[in-house]
Structure formats: structure tokens, C-alpha cells
């Protein structure tokens, strides 16, 4: 029996990874009714990471936590045994900004720390934290406060939320840090290598995406540099220039410097959680994809990582996408046999955005014919 593994990432703004797989599966079965389909949604550590974990058998644990502007947000983390998955985008991400209004100077990562604390309280001892899509540039300060750290001004008052307020930080008190951190393993899913500050730092590179003006970038960069000095004075180590310290507005820096976290490529962590390699055993074809196959795809994004894993296992891979901006040579070099774009099947770009499901079903049927010998 023909066996196909569907391992797509989300089509951002239109479909979740699971929805993508559902539509492709319907198209495949329309041509090959007896095809054996295995679905393993994937992600790269950003938004969609929690959904991928839940699809792999993690249980959803609801939590009400602090959003990036201080408003409460109903969110969740995933748990399986003593493993937990926390997705920053689910609580401290750009999508959680009320009305979509940016808060470049004041947004906080506190809610992500509250999710980590909730998982630790529930007995989790290995936490994978996906940190893509952050709304804040606070150096992980809010997250650390939620885990029991106290960041005080020269007069002994708690600093205000957000990155700009860190210029007033005078001391860091870690005496009340969550006790379970001492025995827990925290792995940060991170695919960027930016330091905390400077020309390639979090404010300069990612601040404008979060609404920061040039003046805001300068303010945040100076504040984070000062914050790094305070942290180094307390911990005895300076991690501001570590690769990935600038991830998620400096959340990477906070987790590594104070919580003892390590960093690892996001896609690989998700694959480990979901058992993707085992699912590829004895399949005839792998179908991966994401909304846009472009230069970023080749820089650690999930579809390229899926293709790389499949190549090592000797399995053919095709990719589905809303659009394909890669050259034929780039697609071949990535190990992808063929790509299928919604825009090639849609009557307009609007249809590709508003009705991607039926188009994916048509693509699934086309894949069955082209790749699996189905009758057209």
C-alpha cells in the first residue's frame, strides 16, 4: 500500500499546519482512496510550535497569563509526562497586541515566564520554549520577573515593564527565583544568531518590525546594554554577545543568562517532539510546505529541515506553498523534488488567500497523479 507522510508547516494568515494536511489528504484520497496517510504537522520554533506538539500527543493545559501590554490573555502550554512546550507567540507575540497596536518601548515578555512557571509548578522538568514572533524588546526581563527575579531601581522600586525602563535598573535580585529551575532543563528553540545589542542586535534588527522608530531603537539598545551590565554583575557572566542572545527581543539572553537555558535549532527540536524521523520510516513520499517558499525557507525553516531529514533517509519530498520564490536550482539543492504553488492553481492572488483549502485539495490530487501513479 502506498504510504505518504504529510509534514507541512502553517500557511501563515490562512491555514494551520493541520488544516493544510487535511486538505492535501482529501485531494490524495480523491485519486487514491486506499492511500495510507500519516500526518505530522511541523514548525520551526515560532508560531505553530504548540500546535505541532499538540498534534503529536501533548496535552493542552489552559492558562490565563499576562499579554505583551499587561492585559490578561487566555493561552496554554503543552505537556506530555515531564516534558512541556511553551510558545512565546501564544502569549507575548505580536498577534497578542490589543488592536494590533505596537508597544515597542513598553511591551513585556512576562506572560512567557508565567507559562514556564505554570509548567514547572505542574511538574515539568524539560521545557522546550519556542521564542519566535515576540512583541517585546525587554531582554527577557519580564519573563524573569514572572519566574521570581526582582529588578529594582536605585530607589528600590520595581522597574516598569518594557525594554526602555531597563535603563533605570540598578540591581537584580535572584534570591526568589523559581526553585524548580535548578533541576529543570530549558531548551530554547532559536534559529537566529543575533547578539543582544549593536548593529545586529535585537533593537536594530527586529525593533522596527515591532513599531520602533529610529529614536526608539537607540533608546532600547542603550537600555539593553545597561541591562546586560546589571545581569553580568549579578551572575558573573556576560552573555550579551552570544549567538541568539537577541532572539525574541532578548528573551534568549534572559533565559540563557539567568535560567540556565541552552539554545538549539527550532525545527530540529520540533521534529524530536513530534517523532518525525520515526514517522518517515517506510513512506513512499513526504509532502511538506509553508505559506511562502523563499530565501528564508532555506535558513532553518521547517520545510527545508524536513527535506534535509528525508534526504538522509532516502525518501522523496515535494512541497506545497502559497507561492514559490525559489529558483529551480535552489529547490533541487534543498532536496525537494517538486513544488506546487496555490498561485499556479488559483484564478487570482485573492483566491489563494481566501480559499486555499479547495486549491490544496486540487494540488493533493495532482501530487497523487504526478508522484504516486494515480490516474488523472
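What follows is calculated from the coordinates using simple rules that are stated; it is not laboratory data. The shown structure was predicted, so the numbers you read here are calculated from the model rather than taken from an experiment. Positions of Cβ are generated from backbone atoms using ideal geometry, with glycine treated the same way; all protein chains shown enter the neighbour counts.
What length, rounded to one decimal in nm, is gained on full extension from residue 193 through to residue 355, with 0.36 nm per residue of separation minus their alpha-carbon distance? Walk me through the numbers before you get to the answer.
Numbers: separation 162, 0.36 × 162 = 58.32 nm, distance 3.63 nm.
Once the chain is fully extended between residue 193 and residue 355, it gains 54.7 nm.
Kindly provide the helix-only [θ] at 222 nm of the chain, computed as the sum of -39,500 (n - 2.57) over DSSP H runs of four or more divided by all residues, to the nearest 500 deg cm²/dmol?
Numbers: 14 runs with 134 residues, N = 376.
It lands at -10500 deg cm²/dmol.
What fraction of the Cα pairs in region 49-266, stated in percent, has a spacing above 28 angstrom? Working shown, then result.
On the way: 4416 of 23653 pairs.
Roughly 19 percent, rounded to a whole number.
Does anyone have the angle between helix 110-121 and the longest principal axis of the chain? Alpha-carbon axes, 0 to 90°, nearest 10?
80
Can you tell me how region 79-156 classifies by the Cα gyration tensor, rounded, prolate or oblate, using a/c under 1.5 as the rounded cut?
Working: a/c = 2.84, a/b = 1.26, b/c = 2.26.
Cα axes put region 79-156 in the oblate bin.
Could you work out which residue, out of 162, 148, 236, moves most in a Gaussian network model of the chain, that is, has the largest mean-square fluctuation with Cα springs under 10 Å?
Maximum fluctuation in the GNM of the chain, among the listed residues, is at 236.
Can you tell me how region 91-206 classifies by the Cα gyration tensor, rounded, prolate or oblate, using a/c under 1.5 as the rounded cut? List each step's numbers first, then the result.
Numbers: a/c = 1.55, a/b = 1.13, b/c = 1.37.
Oblate, because a/c is 1.5 or more while a/b does not exceed b/c.
Kindly give Rg over Rh for the chain, based on alpha-carbon atoms, with the Kirkwood expression for the hydrodynamic radius.
Numbers: Rg = 21.6 Å, Rh = 21.3 Å.
Radius of gyration over Kirkwood radius for the chain works out to 1.02.
Decide, for region 280-376, between rounded, prolate and oblate: order the square roots of the alpha carbon gyration tensor eigenvalues as a ≥ b ≥ c, take rounded if a/c falls under 1.5, and otherwise choose prolate if a/b is larger than b/c, else oblate.
Oblate shape, in that a/c is at least 1.5 and b/c is the bigger or equal ratio.
Name the residue, out of 361, 114, 350, whose mean-square fluctuation peaks in a Gaussian network model built on the chain with Cα pairs under 10 Å.
Its mean-square fluctuation being the largest, the pick is 350.
May I ask you to derive the FRET efficiency for residue 3 and residue 126 from their Cβ-Cβ distance with R0 = 22 Å, giving the value to the nearest 0.05?
Efficiency computed from Cβ-Cβ geometry: 0.10.
Quickly rank 270-278, 26-34 as a protection proxy: mean count of other C-beta atoms within 10 Å, highest first. Don't jump to the answer; show the numbers that get you there.
Details: 270-278: 18.9, 26-34: 16.8.
Highest-to-lowest ranking by the protection proxy: 270-278, 26-34.
Which value, to two decimals, describes the C-alpha radius of gyration of region 5-161 once divided by 2.2 N^0.38 Å? All intermediate terms of the calculation are to be shown ahead of the outcome.
Values: Rg = 18.2 Å, N = 157, 2.2 N^0.38 = 15.0 Å.
Ratio of Rg to 2.2 N^0.38 Å for region 5-161: 1.21.
Quick check on packing: order 245-254, 94-103, 184-193 by the mean number of other C-beta atoms within 10 Å, highest mean leading. Before the final figure, lay out the partial values.
Numbers: 245-254: 32.5, 94-103: 14.5, 184-193: 22.0.
The peptides rank, most packed first, as 245-254, 184-193, 94-103.
Calculate how steeply helix 214-235 sits against the longest principal axis of the alpha-carbon atoms of the chain, using the helix alpha-carbon long axis, and give the answer as 0 to 90 degrees to the nearest 10.
70
Just the number, please: percent antiparallel of the DSSP beta bridges in the chain, rounded to the nearest 5.
Values: 17 of 48 bridges.
Roughly 35 percent of the DSSP beta bridges within the chain come out antiparallel.
Need one number: convex hull volume per residue for region 203-303, Cα atoms only, in Å³. Walk me through the numbers on the way to the answer.
Numbers: hull volume 12.5 nm³, N = 101.
It comes to 124 Å³ per residue, whole-number rounded.
Taking every DSSP beta bridge with both residues inside region 49-266, roughly what % is antiparallel (nearest 5)? Mind showing how you got there, number by number?
On the way: 16 of 29 bridges.
Here the antiparallel bridges make up roughly 55 percent for region 49-266.
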